[in-house]
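Inspection log for the structure reproduced underneath, given as structure tokens.
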Amino acid sequence: MTDHDFDPSHDPGRRQALGCLAAWTGAAVLWSVAGGVPRALGMAAGGEAAAAPPGALSFVQISDTHIGFNKAANPDVVGSLRRAIADINALPQRPAFVVHTGDISHLSRADQFGQARELFQEIRTDRLHTVPGEHDAIDDGVAGYLRVFGADGRGRSWYSFDQGGVHFVGLNNVQNFKAGTMAALGDEQLAWLKADLAGVAHSTPVVVLAHIPLWTIWAPWGWGTSDADAALALLRPFGSVTVLNGHIHQVMQKVEGHVALHTAMSLAYPLPTPGQAGIGEPGPVTVPPGQLGRLLGTRRVSLVRGNRPLALIDTPLDR
């Protein structure tokens, strides 16, 4: 088990640009990786999930569960997560693993991390890979997060692993997060990333997980990473790079050459659209009764050899 991998079968007591597109639909995505390029597989209108191609490596992305949140925007985030888990468990092909792109908890409290860990054990998958969000790093940084989701015990919140011919990298860009400012990866992590990628062939597909987007979406709200260009420069030599983020609670996409960057919806509540008039600091958006489930959901990802374009389809909880 690598850094920040969580095996749901373990005892709970064990520590471990080119173009942009925004939409208010979806949120946990099933990804399939067959021989190289990520491909997202969505649900059909009747609720049935599309089958991944034979031999594909499929995994699911969830994000921003905010366990512990109980305000009007969503007084039952546990219920929302459990609905997403039911969708994941109903997939025709069991995902190889699930990735969580940050804000597992709402206030980074031990009881919230513990409850999240117990809920994640309900997912029928062999592994959960996580990265921290800024809500997981309140007060004492990522120390509380690492006590529950740091698998290797080295106290490091970034890591990499290989599976199905794909190199996966998990990053932490929330360590010194301050509201209204741009987050950063930092020199130590960038040096680690350079060394990590040095041993990876440029023909190997790379999937990067990080909470805050690795491109600037709206600087006044801190929706971006200040030193993202340094990280992307290390990734551009690779033939296929997919970056999966959370944080902004809505789907956006940017493509630059062979690098495709995607944000995911939340499983807790919506946030305002970037730069929305009258919003000084983005906060939970309360929507009319019956609409919340359309704004939350899951994403399925499939990496298929020979297919360079990435089709991203999100599945809302209510469809």
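Computed values, structure above
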{"read-out": "Selected residue (criterion: least open to solvent (accessible area, probe 1.4 Å)) from residues of the range 198-211 that are at pLDDT 95 or above and under 16 Å from GLY257 (Cβ atoms)", "value": "VAL208"}
{"read-out": "Subset of the range 229-249 [over 21 Å from HIS202 (Cβ atoms) and in a loop (DSSP other than H, G, I, E, B)]", "value": "GLY246, HIS247, ILE248, HIS249"}
{"read-out": "Hey, ALA184 out of contact with any strand residue (DSSP E or B) (no Cβ under 7 Å at 6 or more places or on another chain) and farther than 22 Å from SER58 by Cα or not", "value": "no"}
{"read-out": "Matching residues, the range 151-180, being of a type outside the set (A, V, I, L, M) and open to solvent by less than 10 Å² (accessible area, probe 1.4 Å)", "value": "SER157, TYR159, HIS167, PHE168, GLY170, ASN172, ASN173"}
{"read-out": "Test result for GLY165, over 20 Å from HIS262 (Cβ atoms) and small (Gly, Ala, Ser)", "value": "yes"}
{"read-out": "Pick from the range 124-141, criterion open to solvent by 10 Å² or more (accessible area, probe 1.4 Å) and among the hydrophobic types (A, V, I, L, M, F, W, C), ranking: nearest to SER63 (Cα to Cα)", "value": "ALA137"}
{"read-out": "Those residues of the range 275-290 which are on the phi > 0 side of the Ramachandran plot and open to solvent by less than 50 Å² (accessible area, probe 1.4 Å), in sequence order", "value": "GLY275"}
{"read-out": "Matching residues in the range 250-274 - criterion: being outside any strand (DSSP E or B), under 15 Å from GLY224 (Cβ atoms) and open to solvent by less than 30 Å² (accessible area, probe 1.4 Å)", "value": "GLN250, MET252, LEU271"}
{"read-out": "Hits in the range 308-319 - residues which are modelled with pLDDT under 75 and open to solvent by less than 70 Å² (accessible area, probe 1.4 Å)", "value": "LEU310, ALA311, LEU312, ASP314, THR315"}
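The values are calculated or read from the model by the stated rules, or taken from the named source; none is laboratory data. Bear in mind the structure is a predicted one, so any value in this text is a computation, not a measurement. Glycine gets a Cβ as well: all are built from the backbone with ideal geometry, and neighbour counts include every protein chain shown. All accessible areas refer to the heavy atoms of the entire protein, side chains included, with ligands and DNA or RNA removed. Shrake-Rupley method; radii C 1.70, N 1.55, O 1.52, S 1.80 Å.
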